[in-house]
Amino acid sequence: MAPKFPFVWLNYTASVFNQHNRKRCFLPLLKMCNFATSKHASAENSGLGSSKKDHLSEHQRQIMAKSLPKQKPIEGVKQVILVASGKGGVGKSTTAVNLALAMLAIQMDCKVGLLDADIYGPSIPMMMNLDGERARMNDAKKILPLQNYGIPCMSMGFLIEKNAPVVWRGLMVTSAIQQLLRDVAWGELDYLVVDMPPGTGDAQLTICQNIPVAGAVMVTTPQDIALLDVRKGAEMFLKVKVPILGVVQNMSVFECPNCGHQTHIFGEDGAKRLSKETDIEVLGDVPLHLSIRETSDSGHPICISAPRSQQVLLPITYALTLHFLTDPYTYL
């Protein structure tokens, strides 16, 4: 039985705005930015004493806390680990897949699940060799995750056609993520690895505010433009009180397969600079290697297809670090 969702599919028709409409569209946004800036400046320049400011801040926090949803654990899941970056194209999905497989390889009796929280661009079906498969529901009206390589997986890609775009607004994306969190029959899991979407918006807040999260693994490349967004992503997790377990530097170096010469295509030691600025631990480097790309695209991740290769040693190393987080809060 295929799952039925209370989603309203939208037909989105692209339209070209003329200059007049463009001004009408961006003017409210500019006003809000100017208002926020002026309000911040007036607060700094006002004669309010520090105690009164603290009182107002505490009052605001209490009001905000009342409007936030209460965190409720996912049934059967002990710990949730988020793999995020704040930016697309840095290898979050590749890292999340190999992290889950490496954790399973370290200890076979460990139960690990994989959730693809990227509603707009799901990648897990292809990387886990489940492309084209469709999810079903059990008698309790729960979605049954698809399984491969010993890991149960859930993704929006199992619920829609392969080439069908998801053209939804934020409220519908939030509803979809809540259903992927609550309406999936995960069974008993020691870890649920979540492949997060890029950005710091509705999807990220929905996950962080609705379920307890053991910690987040940040993924970046050494490139400055990637580090810029990773800093923002890390700051978001700190604001919502999600511990940051560390950062993985992906595509750290390219080694010529013929002569062995190493080239830092995206820059060098970007993660180390980030670590010095933010005190976020560097968990390891993953090189830019043809085999990682080929195995990911073919649905046979490198942790499965070449577990003894040099390219997979570091992912297993930082997976080992996370695996022994029986109580991540005492560890941190």
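The values are calculated or read from the model by the stated rules, or taken from the named source; none is laboratory data. Every value quoted in this text rests on a predicted model; they were computed, and no experiment measured them. Every residue, glycine as well, gets a Cβ built from its backbone with ideal geometry; the counts of neighbours run over all protein chains shown. Heads up: the accessible areas ignore ligands, DNA and RNA and are worked out on the full protein's heavy atoms, side chains in. Shrake-Rupley method; radii C 1.70, N 1.55, O 1.52, S 1.80 Å.
With R₀ set to 45 Å, the beta-carbon distance separating Asp139 from Glu58 gives a calculated FRET efficiency near 0.40. Checking every one of the GluC sites (Glu not before Pro) in the stretch 173-266 against DSSP loop status and a limit of 10 other Cβ atoms within 10 Å picks out Glu188.
Taking R0 as 22 Å, what FRET efficiency do you get between Cys256 and Asp297 from their Cβ-Cβ distance, rounded to the nearest 0.05? Mind dumping the intermediate values first?
On the way: r = 21 Å, r/R0 = 0.97.
After rounding, the FRET efficiency stands at 0.55.
For the stretch 175-302, what number results from the quotient of the Cα radius of gyration and 2.2 N^0.38 Å? Walk me through the numbers on the way to the answer.
Values: Rg = 16.8 Å, N = 128, 2.2 N^0.38 = 13.9 Å.
It is 1.21.
Remark: the stretch 175-258 carries a charge dipole of roughly 300 debye about the Cα centre, counting +1 on each Lys and Arg Cβ and -1 on each Asp and Glu Cβ.
By how many nm would the segment from Lys232 to His264 grow when fully extended, if each residue of separation counts as 0.36 nm and the alpha-carbon distance is taken off? Write out the running numbers ahead of the final one.
Working: separation 32, 0.36 × 32 = 11.52 nm, distance 2.40 nm.
Contour length minus the Cα-Cα distance gives 9.1 nm.
The H on the amide N of Val253, modeled in the peptide plane, is under 5 Å from the matching H of Leu288, each at least 5 residues off or on a different chain. Rolling a 1.4 Å probe across all protein chains gives His264 an accessible area of roughly 70 Å². Think of each Lys and Arg Cβ as +1 and each Asp and Glu Cβ as -1; about the Cα centre, that makes the dipole of the stretch 64-153 roughly 440 debye. In whole angstrom, how far apart do the alpha carbon centroids of the stretch 100-120 and the stretch 154-207 sit? Here the two parts' Cα centres lie 16 Å apart. Using every pair of distinct Cα positions in the stretch 73-187, the Kirkwood expression returns a hydrodynamic radius of 14.8 angstrom. At a probe radius of 1.4 angstrom, the accessible area of the stretch 148-231 per residue rounds to 34 square angstrom.
Could you put Lys92, Lys241, Lys162, Lys142 in order of accessible surface area, largest first, with the 1.4 Å probe and the full protein assembly present? Let's see the in-between values first.
Values: Lys92 20, Lys241 170, Lys162 135, Lys142 60 Å².
Highest to lowest solvent-accessible surface, that is Lys241, Lys162, Lys142, Lys92.
Label zone of Asp224 (point 7 Å out along Cα→Cβ, amide N under 13 Å): in the stretch 261-281 this covers 267-268, 270.
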